[in-house]
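As C-alpha cells, the structure follows; a few thoughts come after it.
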Amino acid sequence: MARSTDRVEVLVVDDERVIREGLTQKLVSAGFDVRLASDGRAAFQAFLLERPDLVLLDVMMPGMDGYATCEEMRKIDREVPIVFLSALDSEQDQIRGLEVGADDYVSKTASEAMLLARVKKTLERAGRFSRIEAPAGMTKIQADIYRLLGSERGRFFSYVEIYEALCGEGYYHDEGAIRVHISRLRTKLPHGEKIEAKRGRGYALVTL
C-alpha cells in the first residue's frame, strides 16, 4: 500500500518504550515521519500493511527477534532499507545482520549524529541502486552487488569498495563472505553477462 506523502517514514522497532520514545524524538526532529512497533511480530504486520521507507530494527526482542524479523521482511520485499540498531555490536553480530538482509548495523552506543548520518546514507544508497534493475531471483545482497557492479560496467570494484558501498561503515570487511556472494550471484546473472575477477583489483560486471 503506497503512502501519499513525500516525507520519509521510518518504522522503529524496539521492545523498550524509553528507546522507542527517544528514537522518535531524534528522527522527528531530523524531519522524518515515524511509526512504532514494540516487537518483531507487530513490526512484520506493520510492514505488510504499509511499506515504510526504512526500518530501524532492534535485535534482542522477545518472541521474534530482529534477525528473524528481517528475514521475514526480506521474503516479501527485497528493496526496503533495513538498519539494525543493537547493543550487540561484535563482528559476528554485524556479519549475521548482513547475511539476513540488513543494509547497515549501528551500535546503540552510537551518537545521535552518527545514527542519523547512517540512516541518511542508507537511504541515499537505496535510492542510487534502485535505478538499476536486478533480476527477481537474487537475494538482497546479491541484487545490491549486481547493481553496484552494474553502475560502472567494466570497472573493477575492490572488496573494500563493495563493503563500503553496500553495507555501511559498521561492517567488518570480510573478503570470504564477498567471494561466496559473488559465486552465488554468478549463477543468477542474465544471459550475456558475466563477472570477471582480477587478483588485487576485485570484480567487474561485463557484457559478453
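A few notes on this one:
- Test: Ile145 is in contact with a His (Cβ under 7 Å, 6 or more places away or on another chain), at pLDDT 90 or above, surrounded by 16 or more Cβ atoms within 10 Å (Cβ to Cβ) and not hydroxyl-bearing (Ser, Thr, Tyr): yes
- Scope segment 8-33; condition within 20 Å of the chain's Cα centre (by Cα), more than 21 Å from Arg74 (Cβ to Cβ) and open to solvent by less than 40 Å² (accessible area, probe 1.4 Å); matching residues: Leu23, Leu27, Phe32
- Single unsatisfied condition, Ala37 versus (1) under 21 Å from Glu124 (Cα atoms); (2) more than 14 Å from the chain's Cα centre (by Cα); (3) open to solvent by less than 10 Å² (accessible area, probe 1.4 Å); (4) not β-branched (Val, Ile, Thr): (1)
- Each residue in segment 179-196 was checked for being part of a strand (DSSP E or B) and either over 16 Å from Arg155 (Cβ atoms) or open to solvent by 60 Å² or more (accessible area, probe 1.4 Å) (or both), and 2 pass.
- Verdict on Leu123 being more than 18 Å from the chain's Cα centre (by Cα) and open to solvent by less than 60 Å² (accessible area, probe 1.4 Å): no
- With respect to the conditions (1) open to solvent by less than 30 Å² (accessible area, probe 1.4 Å); (2) within 19 Å of Asp15 (Cα to Cα), Leu98 falls short on a single one, namely (2).
- Looking only at segment 128-142, residues that are loosely packed, with under 15 Cβ neighbours inside 10 Å and not in a loop (DSSP other than H, G, I, E, B) come to 1 in all.
- Sole exception among (1) closer than 29 Å to Tyr146 by Cα; (2) touching a strand residue (DSSP E or B) at 6+ places or on another chain (Cβ under 6 Å); (3) among the charged types (D, E, K, R); (4) surrounded by fewer than 18 Cβ atoms within 10 Å (Cβ to Cβ) for Glu71, by number: (2)
- Leading residue by the ranking (surrounded by the fewest Cβ atoms within 10 Å (Cβ to Cβ)) among those in segment 148-160 that are part of a helix (DSSP H, G or I) and hydrophobic (A, V, I, L, M, F, W, C): Val160
The values are calculated or read from the model by the stated rules, or taken from the named source; none is laboratory data. Here the structure is a predicted model, which is why all the values come from computation and not from measurement. A quick note on method: Cβ atoms are made from the backbone with ideal geometry, for glycine too, and the neighbour counts reach across all protein chains shown. SASA here: full protein model, heavy atoms, side chains in, ligands and nucleic acids out. Shrake-Rupley method; radii C 1.70, N 1.55, O 1.52, S 1.80 Å.
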